[in-house]
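Structure record follows, encoded as structure tokens.
What follows draws every value from the coordinates through simple rules; no lab data is involved. These figures come from a predicted structure and were not determined experimentally. Neighbour counts are summed over all protein chains in view; Cβ atoms, including those assigned to glycine, are modelled from backbone coordinates with ideal geometry.
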């Protein structure tokens, strides 16, 4: 029996059902509480836009919930691990399993298998649902929850330089043929990088020799005077292709689209280490659910009546939350170039896999 990873089909089904039900319960609780708090903070901004009402609040919820699920699913797996194993320990079920000849790893095997299935589902959910919801929500926020242009690709908060001058847009809509900017601001600067002129316009479109600003308002800094124009063409050195590669949101693109964006940036000679780390983290992030049973396993072993069950549960939570802290720190180091992208995404996973295994062996095996 010691050589069999899953010695009992009945035990696997029992532990898996127990584990999944607790994951679902914890996830629903976390998402509901956090969604209510988030909606309380954003509802004022949403309803302040003319024409917005209950339908827009529901739309915000539908776009925000997938993000919360993706972010807190690993936490839910961790807490569900601790609750499941602590309950089994208190009911002496862990002792019964070990008395029948099962090792600690064999007790954890059904939970690890379930966590792997959760990780695969999480990856698919992130790629198919979360990325689209994130891109849509970011574009909606960029126009202050107003109407968002319909296009195949939407970017928000884009900044581009045309020599010393700067062109910025709150939102850029691109359908592959035509490109339109909304809430555009053009800053004309002198040789000392001081702003001498500011031009604002509600929209702009590319006309071949620059960007045509419609209903533009120009403010002259030196003369503190304002002048209105029906149209004005600026930023002749900025092309739609430069706009397309000016900003890539890794959270709003699936792994295949992000691969193409990284390739385009590399071809243009741009630095891509931050995006490379995000690409790897699209795989290592969902897979972190596989670590949670191992990190939280300390709560399930040892005698419940010894009075150390609470301490073991706290240790499991501390290990799990330490992983998320180190993971975020490693990604930040990767963004600044301190770590290689692959190392930034995978080093925390490998480190805590070893830590969890060491703790399990030291405390039980």
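Between the alpha-carbon centres of region 1-52 and region 112-151 there is a gap of 16 Å.
Given R₀ = 30 Å, what would the calculated FRET efficiency be for residue 350 paired with residue 251, taking r from the Cβ atoms and rounding to 0.05? The pair residue 350/residue 251 has a calculated efficiency of 0.80.
With a Förster radius of 51 Å applied to the C-beta separation of residue 28 and residue 228, the computed FRET efficiency comes to 0.40.
With the convex hull drawn around the C-alpha atoms of region 164-236, the volume per residue stands at 83 Å³.
Taking the C-alpha atoms only, the angle from helix 104-125 to the longest principal axis of the chain is near 20 degrees. Going through (1) 33, 25, 21; (2) 33, 22, 19; (3) 52, 22, 17, the figure that equals semi-axes √(5λ) of the Cα gyration tensor in Å as computed for the structure here is (3).
Placing a label point 7 Å from the Cα of residue 9 along the Cα-to-Cβ direction, the residues of region 105-129 whose backbone N falls under 17 Å of that point are 110.
With everything on Cα atoms, drop me the angle between helix 273-287 and the longest principal axis of the chain, reported from 0 to 90° to the nearest 10. Between the helix axis and the principal axis of the chain, the angle is about 30 degrees. Spin-label model, residue 357/residue 21: points 7 Å from Cα along the beta carbon direction are separated by 3.3 nm.
Going by neighbour counts of Cβ atoms within 10 Å, the residues 141, 247, 177 line up, fewest first, as 177, 247, 141.
Take the Cα of residue 157, step 7 Å toward its Cβ, do the same at residue 308, and the gap between the two points is 4.8 nm.
Stokes-Einstein diffusion coefficient for region 1-156 at 10 °C in a medium of 1.306 mPa s, Rh from the Kirkwood formula over Cα pairs: what value in µm²/s? Numbers along the way, then the final one.
Numbers: Rh = 18.3 Å.
Stokes-Einstein gives a translational diffusion coefficient of 87 µm²/s.
The helix-only estimate of mean residue ellipticity at 222 nm for the chain, built from DSSP H runs of length n ≥ 4 each weighted as -39500 (n - 2.57), is -19000 deg cm²/dmol after division by the residue total. If you wrap the tightest convex hull around every Cα atom of region 40-103 and split its volume per residue, you get 115 Å³.
Gain in length, residue 36 to residue 136, computed as 0.36 nm per residue apart minus the alpha-carbon separation, to one decimal in nm? Intermediate results must be reported in sequence, preceding the final value.
On the way: separation 100, 0.36 × 100 = 36.00 nm, distance 2.03 nm.
That works out to 34.0 nm of additional length.
If a spin label sat at a point 7 angstrom from the Cα of residue 209 along the line to its beta carbon, the backbone N atoms of region 225-242 nearer than 15 Å would be those of 232-238.
Expressed in nm to one decimal, what extension gain is obtained for the pair residue 87 and residue 99 from 0.36 nm per residue of sequence separation less their Cα-Cα distance?
2.6 nm
Evaluate E = 1/(1 + (r/R0)^6) for residue 241 and residue 54, where r is the Cβ-Cβ distance and R0 equals 41 Å; express this FRET efficiency to the nearest 0.05. Once rounded, the FRET efficiency stands at 0.50. With respect to the chain, whose longest principal axis is taken over its alpha-carbon atoms, helix 131-142 is tilted by about 40°.
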